[in-house]
Amino acid sequence: MNSKIKALSVAAALAASLGLAGCAADSGSSGGSTMPMNHGSSGPASTMMPDASAGHNPADIAFSQMMIPHHAQAVEMSDMILAKPDMPADVTALATKIKDAQAPEIDTMTGWLKDWNVPTMMSDHSGHGMTGMVDSEGMEKLKDAQGTDAVRLFLEHMIGHHEGAIDMAQQEIAAGKHPESIQLARDIATSQEAEIAEMKEMLAGL
C-alpha cells in the first residue's frame with residue numbers, strides 16, 4: 001500500500017513539474033516580439049520559444065521593421081532620379097528595377113508584421129544596425145543635383161545603401177527563423193550584390 005502511495009506521489013510531482021515547464025515556455029514566447037535584431041538570438045531565450053509560436057522570432061521581426069524604411073528610402077531615391085530630365089537610359093533602368101523590386105517587398109514585410117501583431121516600425125532605429133541609410137543632407141543634395149552630378153550621387157548613395165541592406169540580410173539569414181523572411185533576405189543579398197557591381201561599373205564610366 002505504501003509503495004502505491006509513493007508511486008502516486010511521484011506521478012503528481014512529475015505532472016506539476018511539467019506544468020511549471022509549460023508555463024515557463026509560454027512566458028518565454030510572449031515577451032520577445034519587440035526585441036531588436038542581434039547576433040545572440042540563438043541563445044537560451046530563443047530556444048525557449050516553442051515551435052508552435054508563430055514560426056518567427058525576434059530577428060525576423062527586427063529584419064522587417066528595419067528593412068521597410070530602408071527599402072522606402074531606396075524607392076524615394078529612385079523616384080528622385082526618375083523625375084530628373086535627361087538621365088542616362090541605363091541609370092533610369094536601374095532606378096526602375098530597384099523601385100519595382102523593393103516596393104512590393106515593403107508590402108510583403110508589412111503584411112508579415114501585421115500578421116504577427118507587432119508594429120510595422122521600431123520606435124527608435126538608432127543602434128539597431130540599420131546601416132547604409134542616407135542622411136537628410138545627402139537626400140537634399142540628390143534632390144537638387146542635375147546631370148552627371150545627380151547620376152554620381154545616386155550611384156554613390158545607392159551603393160552604400162545596398163551594402164547596408166546586404167548586411168541586414170546576412171543577419172537575418174544567420175539568426176532568423178521565419179522561412180519566408182530568410183528567403184527574402186537571401187534574394188535581397190543576391191540581387192543587390194549584382195546591382196552593386198553594375199553601379200560600380202556605371203560610376204567608373206562617368
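The values are calculated or read from the model by the stated rules, or taken from the named source; none is laboratory data. Just so we're clear, the structure is a prediction, and the values are computed from it rather than from any experiment. Cβ atoms come from the backbone with ideal geometry, glycine included; neighbour counts cover every protein chain shown. Each accessible area value is taken on the protein alone, full model and side chains, heavy atoms only, with ligands, DNA and RNA left out. Shrake-Rupley method; radii C 1.70, N 1.55, O 1.52, S 1.80 Å.
Quick notes
- Options M139, M121: the member that is among the aliphatic types (A, V, I, L, M) and either buried (at least 20 other Cβ atoms within 10 Å of the Cβ) or not in a helix (DSSP H, G or I) (or both): M121
- Contact map, segment 169-198: first residue over 15 Å from A74 (Cβ atoms), second residue part of a loop (DSSP other than H, G, I, E, B), Cβ cut-off under 6 Å, separation 6 or more or different chains; pairs are Q171/M37; A175/S41; K177/H56; K177/N57; H178/G55; H178/H56; I182/G176.
- Positions within segment 69-103 being closer than 14 Å to A185 by Cα and open to solvent by 20 Å² or more (accessible area, probe 1.4 Å), in sequence order: A101
- Considering D167, D187, the condition of being over 24 Å from M139 (Cβ atoms), surrounded by fewer than 17 Cβ atoms within 10 Å (Cβ to Cβ) and within 14 Å of the chain's Cα centre (by Cα) is satisfied by D187 alone.
- Residue-level check: of (1) open to solvent by less than 80 Å² (accessible area, probe 1.4 Å); (2) farther than 20 Å from G55 by Cβ, E193 misses just (1).
- Considered as a group, the residues in segment 51-67 that are surrounded by 22 or more Cβ atoms within 10 Å (Cβ to Cβ) and of a type in the set (A, V, I, L, M, F, W, C) include one that is nearest to M121 (Cα to Cα), and that residue is M66.
- The residues listed here are G111, G160, G132; of these, the one that is open to solvent by 20 Å² or more (accessible area, probe 1.4 Å), within 19 Å of the chain's Cα centre (by Cα) and at positive phi is G132.
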